[in-house]
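Following: one structure in structure tokens, then a few remarks.
Every number in this text was worked out from the coordinates using simple rules, so none of it is lab data. Please read these numbers as outputs of a predicted model, since none were measured by experiment. With ideal geometry, Cβ positions are generated from the backbone for all residues, glycine too; neighbour counts draw on all protein chains shown.
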Amino acid sequence: MTIKFPYIISLKVKDIKTWKKYYSGKNFQWDRSVDEGIWRRTQEKENAFFSGYHEKNDRRRRMIHFRHTYGLVKDKHNIKALALQRSTIWLNYCFPNQEINQYLKDLNTLFIKNNWTRNKHFQTLDKKIQSFSKSDLNIELNIFKNHPADLHVKRIFPKNYSNLEISIFSHKRPHPFFINRAFTILNSGMRKKDKRGNPKIINNVSELIKFFPAQVELGCGPAIEAKIPPLHYLHSVYSVGDPISGKFTLSLSEDRFVRNIIIDQKESFHQMTYMYITCLTAKPSQFYKHLTNLHKKGYIVGSIITNNFDGLATKSGLKELMVRRFDEQHLIPNIQFHPKAKSLIVIGSHADRRKIQHAARRKKLKVLYIDPEGYLINGKFISYPLESVQNDDALVKKCAGDVFLALMRNLKEIK
């Protein structure tokens with residue numbers, strides 16, 4: 001099924017009011033009306049288990065950069081609605097020629113079968129572009145030997161490899177700056193894992209009192225408790241990897257993302273917008289109420305450091321320091337911790353933001369993790385160990401909601 005842009009995702013008055021108050025981009029550190037994400041997956045010897053690397057000619061690469069912009073519109077009945085106004089998605093596949101050619105044949109068959117319009121192909125200096133459209137959506141397929149961004153940094157691939165660049169857009173094709181953002185992250189190098197230490201395991205919540213006043217780094221753990229899908233939901237939607245094994249999707253026969261859009265635009269964009277609308281409609285859980293109370297009482301100080309785009313801390317009346325970046329080296333801005341903080345409490349935050357904990361240790365702050373080190377998928381507990389926890393750190397292996405509830409009760413008993 002096709003869709004028209006703007007693509008309406010909610011007509012509910014309460015959702016529109018929430019969007020105006022918390023998501024319109026006004027008076028916030030960043031514009032929440034934009035939903036943006038970048039993933040890069042490469043085959044390296046160092047990530048062989050996840051990427052399927054076996055020998056030196058295994059150099060497959062998949063990158064995706066999406067940017068969805070939301071806003072208020074009026075529907076056909078002149079009723080105000082929240083809508084996805086425009087969408088831009090860019091993918092780069094660097095694969096062996098044989099696999100690229102077969103994938104192109106498969107996509108062309110799907111375009112024909114699903115009644116897409118084949119537009120006139122056009123030639124640029126270094127590539128031939130195939131163009132297709134259906135309703136308000138456009139898909140362009142560009143195949144060429146070497147990507148200019150790779151040549152710029154002298155990144156060399158085996159001779160039998162080619163690049164397939166796919167642009168999916170509602171209005172304008174991706175600007176070169178948009179494409180370069182993904183390569184900027186790629187050029188920062190593969191993320192090197194930390195070596196896990198042996199933290200002190202804390203079972204008695206009363207022991208946490210000595211960590212206050214503390215600043216908080218908030219990951220997606222509390223968001224999951226508030227019924228927001230975990231990040232691996234997006235990994236499935238965008239064919240980034242398997243949520244259970246963590247293995248990368250570096251097989252074009254298994255990559256369903258573009259195929260799904262060609263077959264059913266409506267279902268694909270429903271899945272892509274589901275996380276955004278769920279974040280918008282989610283209400284702060286009891287954890288956030290306890291967090292707010294602790295902040296008011298001075299036990300928690302400073303801004304809530306977060307990578308989350310759900311806005312739950314803001315909805316709770318707390319100030320957020322957003323560390324979600326796409327342009328800065330290693331994706332982490334300079335952190336100025338609150339001068340009264342004795343510790344950094346890290347809640348449900350894993351590998352990608354571990355440099356914040358590095359910065360806290362350099363400032364001589366104690367680092368405390370609250371994390372069950374795993375999550376549930378269909379009732380099955382999937383282990384997800386913390387990699388950045390160190391010898392001098394402390395760890396409470398429980399969900400944040402349970403810990404903060406017990407902590408609030410404990411503080412009342414002390415008084």
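Some observations on this one:
- Neighbour-limited loop hits for GluC sites (Glu not before Pro), the range 242-332 (at most 14 other Cβ within 10 Å; DSSP other than H, G, I, E, B): Glu254, Glu328
- Axis of helix 13-22 versus longest Cα principal axis of the chain: the two differ by about 70°, to the nearest ten degrees.
- Between Asn101 and Asp31, the modelled labels are 4.3 nm apart [label points 7 Å from Cα along Cα→Cβ].
- For the range 133-188, a/c is not less than 1.5, where a ≥ b ≥ c are the root eigenvalues of the C-alpha gyration tensor, and a/b does not top b/c. That puts it in the oblate class.
- Only one residue of Met1, Met63, Phe49 has its Cα farthest out toward the positive end of the dipole of the range 1-74, where Lys and Arg carry +1 and Asp and Glu -1 on Cβ, and that residue is Met1.
- Among the listed pairs Lys74/Lys120; Lys17/Lys319; Lys80/Lys315; Lys193/Lys397; Lys20/Lys319; Lys355/Lys398, those beyond 25 Å (Cα-Cα): Lys74/Lys120
- A crude spin-label estimate for the pair Gln336 and Arg155, with each label 7 Å from Cα along the Cβ direction, gives 3.5 nm.
- Contour minus Cα-Cα distance for Lys355 and Asn108 (0.36 nm per residue): 84.5 nm
- Taking the C-alpha atoms only, the angle from helix 265-281 to the longest principal axis of the chain is near 20 degrees.
- Net charge dipole, the chain: roughly 980 debye, given to the nearest 20, about the Cα centre with Cβ charges of +1 for Lys and Arg and -1 for Asp and Glu.
- 3J(HN,Hα) from dihedral phi, the range 139-155, Karplus parametrisation 6.51/-1.76/1.60, rounded to Hz, x for glycine, proline: 10, 10, 10, 10, 10, 7, 6, 10, 7, x, 5, 6, 4, 4, 9, 6, 8
- Partner lysines whose Cα lies under 16 Å from the Cα of Lys342, excluding those fewer than 8 positions away in the same chain, are identified as Lys210, Lys297, Lys363, Lys364, Lys366.
- Shape call, the range 83-232: gyration tensor on alpha carbons, a/c limit 1.5: prolate
- Of Asn163, Thr109, Gln286, farthest towards positive along the dipole that unit charges on Lys, Arg, Asp, Glu beta carbons give the chain: Gln286
- Placing unit charges on the Cβ atoms only, positive for Lys and Arg and negative for Asp and Glu, gives the range 1-151 a dipole magnitude near 680 debye about its Cα centre.
- Proxy reagent accessibility, fewest Cβ within 10 Å first, across Ile224, Ile139: Ile224, Ile139
- With Cα atoms, 0 to 90° folded angle of helix 176-187 axis to the chain main axis: 60 degrees
- Length added when fully stretched, Leu11-Lys76, from 0.36 nm per residue minus Cα-Cα: 22.2 nm
- The trypsin sites (Lys or Arg not before Pro) of the range 36-77 that DSSP puts in a loop, and whose beta carbon has at most 10 other beta carbons within 10 Å, are Lys56, Lys76.
- Full-stretch length increase - Ser236, Lys21 - with 0.36 nm per residue and alpha-carbon distance subtracted: 74.4 nm
- Fraction of antiparallel bridges per DSSP, the chain only, in percent to nearest 5: 75 percent
- Oblate is the label for the range 1-127. Its Cα gyration tensor axes, ordered a ≥ b ≥ c, give a/c of at least 1.5 and b/c at or above a/b.
- Within the range 126-155: backbone nitrogen closer than 14 Å to the Thr2 label point (7 Å, Cα to C-beta): 132-139
- Selection among His232, Asn203, Gln130 by position relative to the dipole of the chain gives Asn203 as farthest towards the positive end (Cβ unit charges, Cα centre).
- The chymotrypsin sites (Phe, Trp or Tyr not before Pro) of the range 15-119 that meet both conditions, a loop assignment by DSSP and at most 15 other Cβ atoms within 10 Å of the site Cβ, are Phe28, Trp30.
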